[in-house]
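Single-structure report; data block below.
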Amino acid sequence: MNANQTPEESSTPSSPQVAKSDDQWRRELTREEYKVLRKAGTERPFTGEYWDTTTEGIYECRACGSELFTSSAKFDASCGWPSFFAPLAEDRVKYIRDASMGAVRIEVLCAACDSHMGHVFEGEGFNTPTDQRYCMNSVSLRLKTA
């Protein structure tokens with residue numbers, strides 16, 4: 001999503017590359033992974049394995065292995081979830097409007113499998129190159145180190 005696009009404009013309504021039935025996802029994912037990745041749940045803050053890690057590497061989608069974020073774009077937002085200022089590449093994620101919690105937010109999905117990653121927020125004043133905070137669930141990610 002660049003500064004000249006709204007999230008709705010940057011969303012690509014395409015079919016996922018990795019398409020599985022709900023039963024397949026249930027068999028392959030843990031209960032918590034399924035709840036977050038497939039049902040857009042949220043893990044509790046300050047509980048996920050990556051919220052405060054500084055380990056270098058690439059963050060993949062835990063459901064399909066697609067590379068989504070890099071540790072060089074990770075920053076400490078002190079919010080209890082891993083935060084990034086940009087995805088690895090814009091075609092790696094999709095955005096959808098989310099009004100489920102009484103406020104409009106922008107949900108971030110893995111473009112390859114449509115799994116829920118978290119939400120992106122803008123204009124919060126963080127000293128990052130994009131002024132965006134991709135607030136992701138640790139359970140949605142897997143860190144691949146070099």
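The values are calculated or read from the model by the stated rules, or taken from the named source; none is laboratory data. Values in this document were obtained by computation on a predicted structure and should not be read as measured data. Cβ atoms come from the backbone with ideal geometry, glycine included; neighbour counts cover every protein chain shown. In case anyone asks, the SASA skips ligands and DNA or RNA and just uses the protein heavy atoms, side chains included. Shrake-Rupley method; radii C 1.70, N 1.55, O 1.52, S 1.80 Å.
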Revision key, fill the gap. Counting only protein heavy atoms and rolling a 1.4 Å probe, one gets per residue an accessible area for the range 96-146 in Å² of 45 Å²
**Study point:** q = 0.11, 0.14 Å⁻¹, the chain: log10 I(q)/I(0) [Debye, one scatterer per Cα]
**Key:** -0.37, -0.61
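Rounded, prolate or oblate, given the Cα gyration tensor of the range 86-146, with a/c below 1.5 counting as rounded?
Cα axes put the range 86-146 in the oblate bin.
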Practice item. Could you order 18, 120 by accessible surface area, starting with the largest, using a probe radius of 1.4 Å? Key: 18, 120
Check your understanding: When the accessible area of the chain is split by element with a 1.4 Å probe, what percent falls to carbon and sulfur?
Key -> 47 percent
Exercise for review: Report, in debye and to the nearest 20, how large the dipole of the range 47-89 comes out about its Cα centre when Lys and Arg carry +1 and Asp and Glu carry -1 on their Cβ.
Suggested key: 100 debye
Practice item. Starting from the Cα-Cα distance between residue 70 and residue 28, subtract it from 0.36 nm times their residue separation and give me the gain in nm to one decimal. Key: 12.6 nm
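Rounded to the nearest 0.05, what FRET efficiency do residue 21 and residue 97 give with R0 = 22 Å and r taken as the Cβ-Cβ distance? Could you check?
Working from the Cβ atoms, E equals 0.25.
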